[in-house]
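The values are calculated or read from the model by the stated rules, or taken from the named source; none is laboratory data. The shown structure was predicted, so the numbers you read here are calculated from the model rather than taken from an experiment. A quick note on method: Cβ atoms are made from the backbone with ideal geometry, for glycine too, and the neighbour counts reach across all protein chains shown.
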Amino acid sequence: MDGNSFRGNKNVFMSFFKNHNAFKLMESKSCDFYINVRCACLHETQTKNGWTIHSDTEQTNLVFNGEKIIFRENFQKALENSISDYKKAIIEGVSFNNIDSSTELRDNFKAKMNNICDKS
């Protein structure tokens, strides 16, 4: 992966946390999360630099008081809800993530899918 791809992917994560209400608490740690959770788990099958992932279903938060503890079940549920809201916005034409235009969402989705198909 070249440096530009790394920065671009990192920026996508940072933007996601910034613009999705369920993940706002993690916005300040988005870069740290990208490097030490996303990349570390993907490339090294473990978290790094103090990040831990718990399966505690008693918790209602995604993270513990802004610390480097992620509650897996809640995090996954929030991701699933975000994807479901995105799908609903594209299909039903409702606003999503501060974008009011279903045409803009559909055009963006189509561009993303075309890019994926071109590269695979």
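Observations on the model:
- Residue pairs meeting the criteria (Cβ under 6 Å; at least 6 apart or on separate chains; first under 13 Å from residue 90 (Cα atoms), in region 108-120; second of a type outside the set (Phe, Trp, Tyr) and surrounded by 10 or more Cβ atoms within 10 Å (Cβ to Cβ)): 109/90
Residues are listed down the side, and each one gets a yes or a no for (1) surrounded by 14 or more Cβ atoms within 10 Å (Cβ to Cβ); (2) modelled with pLDDT of 85 or more; (3) touching a strand residue (DSSP E or B) at 6+ places or on another chain (Cβ under 8 Å); (4) of a type in the set (A, V, I, L, M):
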residue	(1), (2), (3), (4)
52	no, yes, yes, no
55	no, no, yes, no
65	no, no, no, no
79	yes, yes, no, yes
82	yes, yes, no, no
92	no, no, no, no
102	yes, no, no, no
